[in-house]
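K.L.:
Here it is, the structure in full.
The values are calculated or read from the model by the stated rules, or taken from the named source; none is laboratory data. Quantities reported herein were computed from a predicted structural model and do not represent experimental measurements. A quick note on method: Cβ atoms are made from the backbone with ideal geometry, for glycine too, and the neighbour counts reach across all protein chains shown. Surface accessibility is based on the protein's heavy atoms, side chains included, excluding ligands, DNA and RNA. Shrake-Rupley method; radii C 1.70, N 1.55, O 1.52, S 1.80 Å.
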Amino acid sequence: MNRTVIKNAQIVNENIVFKGDLLIENNIIKEISKHISASENTNIIDANGSFLLPGFIDDQVHFREPGLTHKANIATESKAAIAGGITSFIEMPNTVPQATTQELLEDKFKIAAKDSYANYSFMFGGTNDNLEELLKTNPKKVAGIKLFLGSSTGNMLVDNEEVLEKIFSSTKMLISVHCEDEATIRKNTEHYKAIYGDDIPLKFHPIIRSEEACYLSSSRAIELAKKTGARLHIFHLSTEKETHLFRNDIPLEEKQITAEVCIHHLWFSDKDYDEKGTLIKWNPAVKTANDRAGLWKALLDDRIDVIATDHAPHTIEEKNNVYTKAPSGGPLVQHALNAILEKVKEGTISIEKAVEKMSHNPAKIFKIEKRGFIKEGFYADLVLVNSSLSNTVSKENILYKCGWSPFEGTTFSSTITHTFVNGNLMYENGKFNEEIKGERLVFNR
């Protein structure tokens, strides 16, 4: 029997921090107590006052496999995720080929079963013409449906209003959406191209992919969800204006419409384009400091439910292109938890609230079986964080296949020292267990 006792930890769970011990037996949390005696053949880890957190569940990543593996793959990015305290991820369908049939979706699950160090699930991609295939999606085995209502990498734009209404009306599965109004973006792009050609200054990115483009699309999606009764989850909010579309007067479990914010929209603002350039070119765009403040306010008052990464690597050569040719997206899974812990240290967010948004709420929203909490009987997906050990992001310690990070040069004041996935110690002080793989997520639906 595989037994591990983690001793003297500051355990963070369900809005409480308490000092205690935790026993893992095989892949399950067996006991949580103030003191647990270690019997024979038990591995002992002295947390020495470090925070013990439930593993972060990232509900939006792009690991680029199959078809775009020059940028990233499931093995490299899941390894980076584990080093960053992410123990489970949900990956998006805009790979090559796109996961828009059940067979192509299962092909991705097969790759992950062989290569993923973290637990995994994938979203089925909706298009203008695959409703019949979409309706075959198994709600217990697949995270949800993903629709792009604004174009992004590997354009899967769903822009047929009739089709959209049919999708929203026909499935009870969670529908996640990327919301930007395509007509607005095209019009704005053409305007700036007429002035600058392809080399549009980056400062115009949040004006091209504007507040109006985001709000128009988000508000329409919400209106359609209310009309049809669909279960809607809006990805990567980027504007203060959009936050007023969401409510916080009912418990999360009763919400039919939920929202996510990503690390980059909480960390950067348009003031950073001069220094970072295309490295912080995302869709939706990083916008103003006022938008960032509004997103934090909505996150803290529970109008926004989840913090995620939208991890989307590209090679540095691709990113170094001129504006119209530089793809949007960047790598974040290794550094997301560190970034939020920095905000904990600054007093912007409590560690309890961070755990709620990064672990508890994704588990609740997607109805993930026995994950996202530190509870007896749950899978032992756990992260130890030393909050007084700093680390600096550098080329030498970046694990992404693309080899760069928008956080390069940043010193974080906390360090992730241990990550457990299904009770297995997968990462310890920079060293990996590469023998064991993650498991497919199961959904209680």
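K.L.:
Give me the aspartates and glutamates in straight-line cross-link reach of Lys7: C-alpha distance below 18 Å, same-chain residues under 8 apart excluded.
P.N.:
Asp21, Glu25, Glu31, Glu40, Asp46, Glu376, Asp381, Glu428
K.L.:
Once you keep just the Cα pairs under 8 angstrom separated by 6 or more residues, what percentage relative contact order results for the stretch 37-180?
P.N.:
19
K.L.:
Let me test this: with uniform point scatterers at the alpha carbons of the stretch 51-94, what is the Debye-based log₁₀ I(q)/I(0) at q = 0.16, 0.17, 0.32 1/Å?
P.N.:
Computed log10 I(q)/I(0) values: -0.42, -0.46, -1.17.
K.L.:
Please go through the residue pairs Lys141/Lys345; Lys79/Lys364; Lys226/Lys357 and name each one whose alpha carbons sit more than 31 Å apart in this structure.
P.N.:
Lys141/Lys345
K.L.:
Using modelled amide H (1.01 Å from N, peptide plane; none on Pro or chain starts), what sits under 5 Å from the amide H of Thr288, excluding residues fewer than 5 places away?
P.N.:
Those qualifying (amide H under 5 Å, at least 5 residues apart or on another chain) are Asp270.
K.L.:
Still on this structure, I have one more. Let me understand the stretch 270-368 better: what is its radius of gyration from the alpha carbons, and its Dmax, in angstrom?
P.N.:
15.1, 42
K.L.:
Could you grab the Rg to Rh ratio for the stretch 77-130? Cα atoms only, Kirkwood for Rh.
P.N.:
Radius of gyration relative to Kirkwood radius: 1.03.
K.L.:
In a shell of Cβ-Cβ distance under 12 Å around Ala213, excluding Ala213 itself, what net charge do Lys and Arg (+1) and Asp and Glu (-1) give?
P.N.:
Counting the neighbours of Ala213, the net charge comes to 0.
K.L.:
How many percent of the alpha carbon pairs in the stretch 182-269 exceed a separation of 14 Å?
P.N.:
When every Cα pair of the stretch 182-269 is considered, 70 percent fall beyond 14 Å.
K.L.:
Viscosity 0.692 mPa s, temperature 37 °C: what is the translational diffusion coefficient of the stretch 238-281 from Stokes-Einstein with a Kirkwood Rh over Cα pairs, rounded to a whole number of µm²/s?
P.N.:
On the way: Rh = 12.8 Å.
Estimated diffusion coefficient is 257 µm²/s.
K.L.:
Here is a follow-up. For the stretch 6-142, what value does the Rg/Rh ratio take when both radii are computed over Cα atoms and Rh is the Kirkwood radius, given to two decimals?
P.N.:
Rg/Rh for the stretch 6-142 comes to 1.11.
K.L.:
For q values of 0.10, 0.11 Å⁻¹, compute log₁₀ I(q)/I(0) with the Debye formula on a Cα-only model of the chain, without solvent.
P.N.:
-0.66, -0.81
K.L.:
Assuming 0.890 mPa s and 25 °C, estimate D for the stretch 103-202 with Stokes-Einstein, Rh taken as the Kirkwood radius over Cα pairs, in µm²/s.
P.N.:
156
K.L.:
Ignoring any ligand, DNA or RNA, what whole percent of the accessible area of the chain comes from carbon and sulfur when the probe is 1.4 angstrom?
P.N.:
In the chain, the share of accessible area belonging to carbon and sulfur is 47 percent.
K.L.:
Of all the C-alpha pairs in the stretch 330-445, what % are more than 21 Å from each other?
P.N.:
The answer is 46 percent, as a whole percent.
K.L.:
Classify the stretch 207-352: rounded, prolate or oblate, from the alpha-carbon gyration tensor (a ≥ b ≥ c, eigenvalue square roots; a/c under 1.5 rounded; otherwise prolate if a/b is larger than b/c)? Mind dumping the intermediate values first?
P.N.:
On the way: a/c = 1.93, a/b = 1.34, b/c = 1.44.
It is oblate, given that a/c is not under 1.5 and a/b is not larger than b/c.
K.L.:
How much of the DSSP bridge set in the chain is antiparallel, in percent, rounded to the nearest 5?
P.N.:
In the chain, approximately 50 percent of DSSP beta bridges are antiparallel ones.
K.L.:
Defining a contact as two alpha carbons under 8 Å apart and six or more residues distant in sequence, what relative contact order in percent does the stretch 209-303 show?
P.N.:
35
K.L.:
Are there GluC sites (Glu not before Pro) in the stretch 3-43 that DSSP marks as loop and that have at most 15 other Cβ atoms within 10 Å, and which are they?
P.N.:
Loop-located and lightly packed - Glu14, Glu40.
K.L.:
Same structure, new question: Send over the Kirkwood Rh of the stretch 1-67, from the inverse of the averaged 1/r over different Cα pairs, rounded to one decimal Å.
P.N.:
In the stretch 1-67 this quantity evaluates to 13.5 Å.
K.L.:
Rounded to whole Hz and in sequence order, give me ³J(HN,Hα) for the stretch 127-140 from the Karplus expression 6.51 cos²θ - 1.76 cosθ + 1.60, θ = phi - 60°, writing x for Gly and Pro.
P.N.:
Per residue, the Karplus-derived 3J(HN,Hα) values read 10, 5, 9, 10, 4, 4, 5, 4, 6, 7, 5, 7, x, 7 Hz.
K.L.:
Do me a favour and compute the ellipsoid semi-axes for the stretch 40-114 from its Cα gyration tensor, root of five times each eigenvalue, largest one first, whole Å.
P.N.:
Semi-axes, largest first: 32, 13, 11 Å.
K.L.:
Over the stretch 210-264, what is the relative contact order in whole percent, taking alpha-carbon pairs under 8 Å and six or more residues apart?
P.N.:
41
K.L.:
Taking 0.36 nm per residue of sequence separation and subtracting the Cα-Cα distance, how much length would be gained by fully extending the chain between Ala113 and Asn138, in nm to one decimal?
P.N.:
Here the segment from Ala113 to Asn138 would lengthen by 7.2 nm.
K.L.:
Roughly how many whole Å is it from the C-alpha centroid of the stretch 169-245 to that of the stretch 38-103?
P.N.:
Rounded to whole Å, the Cα centres lie 27 Å apart.
K.L.:
Please compute the per residue accessible area over the chain with all protein chains in place, 1.4 Å probe, rounded to a whole number of Å². Kindly include the intermediate steps, with their values, before the conclusion.
P.N.:
Numbers: 16930 Å² over 445 residues.
Here the residues of the chain average 38 Å² of exposed surface.
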